[in-house]
Structure formats: structure tokens, C-alpha cells
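Before any comments, here is the structure.
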Amino acid sequence: MPSLIRLPILATTVFLMTCLPAAADSDDARRYFGQVEGRVVTTDDLPLLGAEVGLDPLVTKTVSTDSEGRFTLRAVPEGSYRVIAAAPGFVPGEVSIELSRESPPAELLIRLRAAEVTLDSIDVVGSYSIGRDAPARSSALTAEDLRELPHFGDDIVRAVTVLPGVTSNDASAEFNVRGSLTREVRYEIDGLEIFEPYHLKDYQGIFSIIDPEMLGGVDLFTGGFPVEYGDRSAGVLDLETFSPDGRAHEVGVSLLNAWGSTSGRWEGGSYFASARRGWLDLVLEIVGDEEEENEIRRGNGPTYWDVLSKVSFDLGPNQDLTVQALLSSDSNDEFEREREDGGFEEESTDSSYGNDYLWTRHTAFLGQTGLVESMLSIGRVDRDRRTTEDSPTRNFEIRDVRTMDVLQGRQDLSWQLGDEHLVKSGWEARRYEAEYDYFNELALIDVVASAFGVQPITRFTGSFESDHLGLYLADRWEITPRFVIEAGARWDRHSLTDEDHVSPRINGLLDFGSGWRGRFAWGHFHQSQRPNELQVEDGETIFHGAERAEHRILGLERTFSARAASWEVRIEAYQRLIEDVRPRFENVFQTFVLNPETANDRILIAPDAAEARGAELFLNRRGGGTFDWWINYAWSEATDSLDGREVLRATDQTHAMNLGVSWRPSPRWSFNAVWIYHTGWPTTPVSATLASGMDGEPIAVPVIGELRSDRLDDYHRLDVRASRRFALKHSVLELFIDVQNLYNRRNDAGFEVDGGNFRVDDQGRAVYQPTPEEWLGLLPSFGISWTF
């Protein structure tokens, strides 16, 4: 990955952002461009601050109204449009216009009607919602904000990591929620849970398999999520695809991938389809380092692709049916031979991964007060990883073949009982079939490996079948017009470990008036070990019982208007207590390892219990002008109880802060920046001491300190993104440049520690000199898309 950091790429990017706009502007000059002005008000003619206004077809960025409800859409080419306005708590409104040189439109007036606040529309739980407009919604970013955030590879999951309570590293799209492990977060898309949703798993999942262009809304639950989500104990990322309201097509290319999509409607339904192909293999070949003497490289390198499609059928006024597919594939074929320590080191990888799902959903209204949603799906997750290394200090051969087939069914029913109660109930059932064929022949010549007791050989073959049945029931009760609670429980049964458990939960929303709202949540959340989660690479052959987490959450938030801007603030404190913690294997010194089970710092962590606690602040300012910003801060602590001592988890960060700014000087241009900071992650101190070798001579040997009793240096970086849109006759062209770590901060990623780091100096003292590892430095990328 560091080979991508090249000045030629940055120079090419600057050329694209400067020369191409100039060429396009010359074409623009021959056409007429006008502007659309107007006001957005309520049905009582009160101005709406912060309403989002845009055009269909979309040829400019959306803009926000000011304190008088005014908006201006500039540089709009002549043509026919719908001007659409939307605001939280209101029904979207629109007007149609014709724009031409001869007849510029008069000032528009768009009246929005307040949405009926029903129990099912109130956000009782308090997720971080993105691209959703609902009464009493939580503080969040808009879908436009998320798309414009700097994020490597245009990956939607990487963009989510700027929200409070979320941690991740530079190399991977995987993330942790409030001190959790990545396995403790549930991923859903349109009601379907997906497993291992990442590309390039050899590199710890660089990108997610979800195309961001197809998303219509995102909910991130960082705790206290409702009873319909089961079998995960920390958080939920719930993704929803968009519903086309017209015909549109898009193609695009960037430094890392190419994509295309199409969507449309017909009288009886709608459709969309998208496809992406990553070409990291081609980029690495183009910008890779020159081969040095006695070095040989060959192979196709890492490649990936994914396809997402959805077809919806209107079956009448009260029901519809959708059929969806999500397919993804990865492969990595590489061979490298180079001289090292007086000998040769050879590494080879030949791996492939698949992640495929097909599912259908049926939605039907039952009279005026009931809604039932049914889903049935089949899916497969597979891997075939084969890798070898032959070097003076380490030799191994790995064959890792696994498959998991999943049949899922689910049904959710909600029923409005009068004005005060909304009852929710449902069930989900899964059938898992998993197979393993794993072999690892490992030989290490390393004093650190000896200190940790690394096992030399692991073999495992086996197959497992498991059934999971979950039932839930909840009541959302409007105790008063200002106080709503949702109380319920779920029951889950897992045949693999022959256990069942009950998870009670309660969430509450209290409206204090003047924009102030209070929230609270408490509940139990159980998480089983699924058939595909056995760490056979570390010698694990027995499945463990379910973990149980207890969530306790208190929050306060407010939305208000001040100084011609809309403001949202959210403060939340939480505690998560975990019992029956599942043992796991981790690497002590290195955060990013290509083959973790072969590293010399691999250890077993078997906590008696665990705890995560913290407090978070989120502040968002949106105005009617060109400049918006948001900031969040989190104080947190995540620990495992090991042998009577509280040990920090690997991603614990006492202080974390993210600051984002957005400047839109015109509808054509958009500039965005995010500054990310957190306390350095925990590490384990190492020193050296003298010992006698086999020949009686003194040698330096490692002394491993208390686990994670030290920290790396603090982490920070600045990411920026600039985009430019060009309105063509019947289409839109957009270019962007994205630079990660603009000031090239060399952030610590960990240490590689082996026998070569220990020596006896000239004075006969034992000396330890670690080999530091760093996260990515300056990393530019660029892309262009055409929507027509």
C-alpha cells in the first residue's frame, strides 16, 4: 500500500482538477446558465431554516435554506426541473419549473406540511441516522455530507468511522464500536444480515462490499439497539438501498476502481443495479517500486469486484415484492523472492474469497394500522487461502479452505393499537452449514516466539450444522405526548451450543420542550459463536457459549436555531458490561499482519469479564450559507479482566476527536476536510536482559512487560476532498480529488519484534532496538463520474 504514495499521482490529480475544468468551462460558456431562487416555509408561512433544496435531475449540490427560509441554486443550465425541498419532520414538497434565457423563473415559494408524528416514526432508540428524515431524530450527518467526506476508496463504511464511539485503523474498513471487537457489530442491508462484508481479507479487509451509490439511508446503533436486532452484542450498521423515482445511469473511474449503475421505474415497479471492479492490482503494477537486484516478483496481485441489484414489483395499493442480489469476489495471486540476512526469502499467495446473497422481501399493509414484512434468503461465504513463506527465520505453508452456507427467514409485524401503543413482534430463523479444511506447518527460529510459546503445527478438518431461532416482542408506549418508551424482550435458541437465552431491553425518549430531548436505554444483548467463527488457525476446536453484554445509556440532545444556522447537539454516557467473554487470539505488537497466525507475538486472551464505558459529544452546525461544520469528542475506556488485573483492549483510546468542515462556494464546487485525533493505542513494553547461550557466551533475550501497560504516540491526520461538477445538456460530470493524511503524519502502527532486535553491545549490555511500523502516509486519489 505505501507504494501508492507517489508524487506523479499527486501531479496527475492536480492536472485533472485544473486543466479539465478549464476545458469543460469553455463548453459551458456556449450555453445559458441561470439561477433558481425561492423560499421554503411551513403551511403557516413561517420560514424553515436548514431545509435541503435540490433539483431533479440533480445537476448541482443541494443547498440549505437560511434563517428566512431563502435558497439560491446557481449555475443551473436551461431545461425542465423539479425543485424539491425536504426538512426533518415535514413532508417533502416540490414545484416544476422551466429555465431558459427568454423566461427565467420567478422567485419560488415551497410550502412544506408538517408530517404526522406517529409512534412508528419517532426515533426512540437514538441511532446515528444518515440520510433519514424523521421526527425526534438523532444528531447525524446528511447523506450528502457522508458522500462528500474524505474517505479512501469511496468506501461508505470508512466514512462512518468519523462518528463518535467508532474506531478503526488506516489499513482496514473494519471498525469497532465503543471498545467492542469487530465481530460484535451486526451488518444489515435491506433487512438481511451479511457476514464478513469486506474485500481483500488477506489485508484485513481494505474495503467493504457495499456500493455507496446505491444507499438511501444508514443507521448506526452504537448501543441500546431494539429487540428486532439479535445475536450481536455491541452495535448495528443498518443500510438501506434507495428507491428510484426516475431513470438514471452512472459510470465512473477512480484511482482504485471503476463502477457503473443503472436505475429506473416502470408502471409496475422499479429497478437498480450497480457493479464495481477494483484494480488495485493494476495500480500497484504501475506505481510499484522498481525491483531490486536479486528480487523477483510476479502474479496478478489483489483484485476484487461486487454487484448489487434490486427489482421491486408493485403488487397493489397495499403490498410490494422485491428481489435482490449481492455478489462479491476477491482474489490475490503474488510471488516475491528477495535476499535477506544472507539468505533468500520467498513468499507466495494464491487466495480467493466469495460473499454471495440472494433474497426476497414482501411488504404488506394490514388495514390502516398493521404492517408485515417477510424475508427469505440464501447465502454463501467462502475462502480458499494458500500462502507460503521460506526465509532464514520463518517457514510456513498454509492451506485454509472454508465455506458457510446460510438459509435465512425473517418476519416482522408492527401493529398500531389506538393512539398510545405500537406493538412490534417477529421471528428470524437460520440454518448454518460450515466446513473447514485447514493446515499450517510453521517453523519459527525466534526468541520472541519462544517467549510467547507459539505452537508450530495446526491441522483441522470438520463440518458443522447449526440452527438459530429468535423471537421478539416489544411495545412502544406513548405514556404522555412528551414521554415515549419502548420495552420488549427477545428469546434466542442456538443448537450448536445447545443453549437459549432471554434478552430484555427498554428505550425511552423524553421531550423537555424548546428542542431538548432526553434518552435512556438499558438491556441485555447476547452473542453466539457462529459455525464460521472457529479460530482453527490458532488451534481452537471447541465452540464457546454465548457472551452477554449489559448496556446502560443516558443521553441529552437538542436542536435549535441561532445566528441564521441550525444546530444539533448530543451528549451521551454509556457503560457496557460483558460476561462469559469468549477467548480470542490476538497479536501483541503488530496491528496489521498479513498472516496473523504465523506471527511470533500471537497470544491467547481469555478474559473473565470485560467493560467499556465513556461519554460522547456530537455538535453539528448547518447554515443557509456556504460553510458548515461538525465536531465530536469522546472519552472512553475499554478493558478486559485478566487474572485479577484490568487490561486495556487493543483499540482503547482515552480521548478521541473528529472535526469536519464543508465549504461550498458555489453549487459547482465543494471542499471538505476532516481532522482525526485519538490517544495512542495500547502496546506492551519490551526490554532486553543478558542470558547465557548454548556455548556459554552472553546473549540478549527479551523481557516482555505487562500486557498493554504502555501506549503508542498519539494519532492524528488531516484528510481533504475537493469535487467539481459540470452540468452538461442532459447529464452531470463530476471530478474529485481525495488526499488522506495531507501533512504526511507518520503515525505509529506498532512494532515488529524478532530476534534481530536484541543484541549485546560493546560494553556487554543487553540492548533492545525495536523495528517500528507506521500507518499510511500521504495518500492521494482521484476519480471522475458521469451521470446521465
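The values are calculated or read from the model by the stated rules, or taken from the named source; none is laboratory data. Worth saying up front: this structure is predicted, and the values here are computed from it rather than measured. So basically every Cβ, Gly included, is an ideal-geometry build from the backbone, and we count neighbours across all protein chains shown. Side chains are part of the model used for accessible areas, which takes the heavy atoms of the whole protein and leaves out ligands, DNA and RNA. Shrake-Rupley method; radii C 1.70, N 1.55, O 1.52, S 1.80 Å.
Condition check ((1) touching a Leu at 6+ places or on another chain (Cβ under 9 Å); (2) among the hydroxyl-bearing types (Ser, Thr, Tyr)) across all residues:
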{"residue": "Gly693", "(1), (2)": "no, no"}
{"residue": "Leu718", "(1), (2)": "yes, no"}
{"residue": "Phe726", "(1), (2)": "yes, no"}
{"residue": "Arg745", "(1), (2)": "yes, no"}
{"residue": "Val753", "(1), (2)": "no, no"}
{"residue": "Tyr768", "(1), (2)": "no, yes"}
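For Leu556, indicate whether it is at pLDDT 90 or above, open to solvent by 50 Å² or more (accessible area, probe 1.4 Å) and within 30 Å of Gly623 (Cα to Cα). So Leu556 passes the test. For the range 227-234, state whether one or more residues are in a strand (DSSP E or B) and under 24 Å from Gly409 (Cβ atoms). Taking every residue of the range 227-234 in turn, none turns out to be in a strand (DSSP E or B) and under 24 Å from Gly409 (Cβ atoms).
Give the number of residues within the range 651-671 that are of a type outside the set (Ser, Thr, Tyr) and over 19 Å from the mean Cα position of the chain (by Cα). Full working, then the answer.
Initially, the range 651-671 is screened for residues of a type outside the set (Ser, Thr, Tyr), giving 652-653, 655-661, 663-665, 667-669, 671.
Imposing the further condition that a residue be over 19 Å from the mean Cα position of the chain (by Cα) reduces the set to 655, 661, 663-665, 667-669, 671.
Result for the range 651-671: 9.
Take the conditions closer than 24 Å to Thr591 by Cβ and either under 23 Å from the mean Cα position of the chain (by Cα) or free of Cβ contacts under 8 Å to residues at least 12 places away in the same chain (or both) and apply them to Ala691. Does it pass? In short, no. If you take the residues in the range 425-460 that are in a strand (DSSP E or B), modelled with pLDDT under 95 and out of contact with any helix residue (DSSP H, G or I) (no Cβ under 7 Å at 6 or more places or on another chain), which one is nearest to Glu540 (Cα to Cα)? In this case the residue turns out to be Arg459. When only residues in the range 696-730 that are modelled with pLDDT of 85 or more and small (Gly, Ala, Ser) count, which is nearest to Asn741 (Cα to Cα)? In this case the residue turns out to be Ala722.
For the range 328-370, how many residues are part of a strand (DSSP E or B), free of Cβ contacts under 8 Å to residues at least 60 places away in the same chain and over 25 Å from Ser274 (Cα atoms)?
19
Within the range 715-725, none of the residues are over 23 Å from the mean Cα position of the chain (by Cα) and without any contact (Cβ under 8 Å) to a residue 40 or more places away in the chain. Within the range 153-184, being touching a helix residue (DSSP H, G or I) at 6+ places or on another chain (Cβ under 9 Å), assigned to a strand (DSSP E or B) and of a type outside the set (A, V, I, L, M, F, W, C) holds for one residue alone: Asn176.
This table checks each residue for (1) open to solvent by less than 20 Å² (accessible area, probe 1.4 Å); (2) modelled with pLDDT under 75; (3) under 37 Å from the mean Cα position of the chain (by Cα).
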| position | (1), (2), (3) |
| --- | --- |
| Phe15 | no, yes, yes |
| Ala22 | no, yes, yes |
| Val41 | yes, no, yes |
| Pro47 | no, no, yes |
| Gly54 | yes, no, yes |
| Leu58 | no, yes, yes |
| Leu73 | yes, no, yes |
| Glu98 | no, no, no |
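Output yes when any residue across the range 132-143 is surrounded by 16 or more Cβ atoms within 10 Å (Cβ to Cβ), modelled with pLDDT of 75 or more and not in a loop (DSSP other than H, G, I, E, B), and no when none is. No: the range 132-143 contains no residue that is surrounded by 16 or more Cβ atoms within 10 Å (Cβ to Cβ), modelled with pLDDT of 75 or more and not in a loop (DSSP other than H, G, I, E, B). Selection within the range 100-116: residues that are open to solvent by less than 50 Å² (accessible area, probe 1.4 Å) and in a loop (DSSP other than H, G, I, E, B). The member of this set that is farthest from Val36 (Cα to Cα) is Ala115.
If you check Arg30 against the conditions, is it at pLDDT below 85 and open to solvent by 60 Å² or more (accessible area, probe 1.4 Å)? Spelling it out, Arg30 is indeed at pLDDT below 85 and open to solvent by 60 Å² or more (accessible area, probe 1.4 Å). Restricting attention to the range 387-400, the residues that are buried (at least 16 other Cβ atoms within 10 Å of the Cβ) and in contact with a Lys or Arg (Cβ under 6 Å, 6 or more places away or on another chain) total 1.
State which residue is farthest from Leu327 (Cα to Cα) when the search covers only the range 401-419 and only residues that are surrounded by 15 or more Cβ atoms within 10 Å (Cβ to Cβ) and either in contact with a Ser or Thr (Cβ under 6 Å, 6 or more places away or on another chain) or at pLDDT below 95 (or both). Per the criteria, the residue is Gln416.
Specify the residue that is modelled with the lowest pLDDT; the eligible residues are those in the range 369-400 that are of a type in the set (Lys, Arg) and closer than 30 Å to Arg339 by Cβ. Before you say what the answer is, go through the steps one by one.
At the first step, the residues of the range 369-400 found to be of a type in the set (Lys, Arg) are 380, 383, 385-386, 394, 399.
Now drop any that are not closer than 30 Å to Arg339 by Cβ, which leaves 385-386, 394, 399.
Values: Arg385: 94, Arg386: 94, Arg394: 76, Arg399: 94.
By that ranking, first place goes to Arg394.
Among the residues making up the range 75-96, those that are hydrophobic (A, V, I, L, M, F, W, C), assigned to a strand (DSSP E or B) and open to solvent by less than 20 Å² (accessible area, probe 1.4 Å) are Val76, Val83, Ala85.
What number of residues in the range 189-209 are outside any strand (DSSP E or B) and among the small types (Gly, Ala, Ser)? The qualifying residues number 2.
When you go through Ala546, Ala562 one by one, which is the residue that is more than 24 Å from the chain's Cα centre (by Cα) and open to solvent by less than 30 Å² (accessible area, probe 1.4 Å)?
Numbers: Ala562 fails: open to solvent by less than 30 Å² (accessible area, probe 1.4 Å).
Step by step, each of Ala546, Ala562 is checked, and only Ala546 is more than 24 Å from the chain's Cα centre (by Cα) and open to solvent by less than 30 Å² (accessible area, probe 1.4 Å).
Comparison of Ser328, Ser263, Ser309 shows that the only residue that is open to solvent by less than 70 Å² (accessible area, probe 1.4 Å), over 21 Å from Arg380 (Cβ atoms), touching a strand residue (DSSP E or B) at 6+ places or on another chain (Cβ under 8 Å) and modelled with pLDDT of 85 or more is Ser263. Scanning the range 339-366 for residues that are open to solvent by 20 Å² or more (accessible area, probe 1.4 Å), over 23 Å from Leu200 (Cβ atoms) and modelled with pLDDT of 85 or more gives Leu358, Thr360, Arg361, His362, Thr363, Phe365, Leu366.
Would the range 752-770 turn up any residue that is charged (D, E, K, R), surrounded by 14 or more Cβ atoms within 10 Å (Cβ to Cβ), closer than 24 Å to Glu250 by Cβ and in contact with a strand residue (DSSP E or B) (Cβ under 7 Å, 6 or more places away or on another chain)? Taking every residue of the range 752-770 in turn, none turns out to be charged (D, E, K, R), surrounded by 14 or more Cβ atoms within 10 Å (Cβ to Cβ), closer than 24 Å to Glu250 by Cβ and in contact with a strand residue (DSSP E or B) (Cβ under 7 Å, 6 or more places away or on another chain). Just checking, does the range 205-219 include any residue being open to solvent by 10 Å² or more (accessible area, probe 1.4 Å) and within 30 Å of Asp580 (Cβ to Cβ)? Yes: the range 205-219 contains one or more residues that are open to solvent by 10 Å² or more (accessible area, probe 1.4 Å) and within 30 Å of Asp580 (Cβ to Cβ).
On inspection, Tyr768 fails the criterion of being of a type in the set (Ser, Thr, Tyr), modelled with pLDDT of 95 or more and farther than 30 Å from Ser80 by Cα.
Here is a yes/no grid of residues against (1) at pLDDT 95 or above; (2) of a type in the set (Lys, Arg); (3) touching a Lys or Arg at 6+ places or on another chain (Cβ under 7 Å):
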site	(1), (2), (3)
Phe512	no, no, no
Gly515	no, no, yes
Gly523	yes, no, yes
Gln527	yes, no, yes
His544	yes, no, yes
